[in-house]
Amino acid sequence: MVHLLSTKQLSPYQIQLFSQAGFSVEAMSFIEIIPQRDIPPFQPSDFYLFTSQNAFLSLIENPIYKIISSKKAFCVGEKTKKLLKNNHWNVIASFEYAHELGSYLIDQYQEASFTLFCGDRRLDTLPNIMKKNKIKFQEILTYRTLLTPIKVEKLFDGILFFSPSAVESFLQVNHFRDEHIFCIGSTTQKALPKEINSYLAKTPTIESVQECCINIFKKTKNDKK
């Protein structure tokens, strides 16, 4: 049996999929999301930007959410898009990565104003694009990411990473041995030490990480026959 470490909690269904494929999974949370309680009042924008589910989930818990009148958004990630739509937001377009969203806004919405809801560890990609192109833009912090490193004593065949912060947290008290490393996206992969080889999911979703992981271990098994 293949033994995996997931650096975030997985749903029972996701664990079941691994189990059906002959994998055992131990999940440990290497980061904690802390919603920002004191979100200050902000100027309304034409559109709102979300690059993660955490940004929206933290915002919706805050009293200031009730005064957002226009709910027109652009976002990064299929899961973020689904979450917004389920909460009655008009998602005009969604993209897999922030740089794709930035390029689209420059091309199609140069004269509009935007508010980005984000965490304290957000990447500079989208803000830099907006500032460079002089697009009216403001950032509102809705959550903070707390690193919660855990010393891992057991040996695993593979480790699954879902954010650059989880990589940083893991490496604070651990080092890589001979595990297969799987990453949800290119920004997560770039957080790894340069000498570490890793596998990148086709799309930045948990399901794609699962598919990549299962396929790699199946191929490895077949190559040994």
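The values are calculated or read from the model by the stated rules, or taken from the named source; none is laboratory data. All figures in this text were calculated on a predicted structure; none of them were measured in a lab. Cβ sites come from the backbone with ideal geometry, for glycine too, and all protein chains shown count toward neighbours. Each accessible area value is taken on the protein alone, full model and side chains, heavy atoms only, with ligands, DNA and RNA left out. Shrake-Rupley method; radii C 1.70, N 1.55, O 1.52, S 1.80 Å.
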Taking H as built 1.01 Å from N, whose amide H comes closer than 5 Å to the amide H of Leu116, not counting residues under 5 places away?
Leu49, Gln138, Glu139, Ile140
Which percent of the accessible heavy-atom area of the chain goes to carbon and sulfur, probe 1.4 angstrom?
51
May I ask you to order 192-200, 98-106, 46-54 by the average number of other C-beta atoms within 10 Å around their residues, highest value first?
46-54, 98-106, 192-200
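What ranking do 135-144, 181-190, 19-28 get when scored by the average of other Cβ atoms within 10 Å per residue, highest first?
In descending order of packing, they fall as 181-190, 135-144, 19-28.
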Sequence-separation-based contact order of the chain, relative, with Cα cut under 8 Å and 6+ spacing, percent:
21
Would you grab the residues whose amide H sits under 5 Å from the one on Ser52? Only those 5+ places off in sequence or on another chain, please, with H modelled 1.01 Å from N.
Val76
Provide the net charge surrounding Gln14, with neighbours chosen by a C-beta distance below 11 Å and charges set as Lys +1, Arg +1, Asp -1, Glu -1.
0
Considering every Cα-Cα pair within segment 118-209, what fraction, in whole percent, is farther apart than 17 Å?
58
How many angstrom lie between the C-alpha centres of segment 89-130 and segment 6-73?
17
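Can you check what the net charge comes to around Glu153, using other residues whose Cβ is under 13 Å from the Cβ of Glu153 (Lys, Arg +1; Asp, Glu -1)? Each step should come with its number before you reach the end.
Details: positive: Lys151, Lys154, Arg177; negative: Glu26.
So the surrounding residues net to +2.
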If I ignore ligands, DNA and RNA and count only protein heavy atoms, how much of Asp178 is accessible to a 1.4 Å probe, in Å² to the nearest 10?
150
List the residues whose amide H sits under 5 Å from the amide H of Val2, counting only those 5 or more places along or on another chain, with H placed 1.01 Å from N in the peptide plane.
Ser24
Per residue solvent-accessible surface (Å²) - segment 80-205, probe of 1.4 Å
54
Count the DSSP beta bridges whose two residues both fall in the chain, then state the antiparallel fraction as a percent rounded to the nearest 5.
15
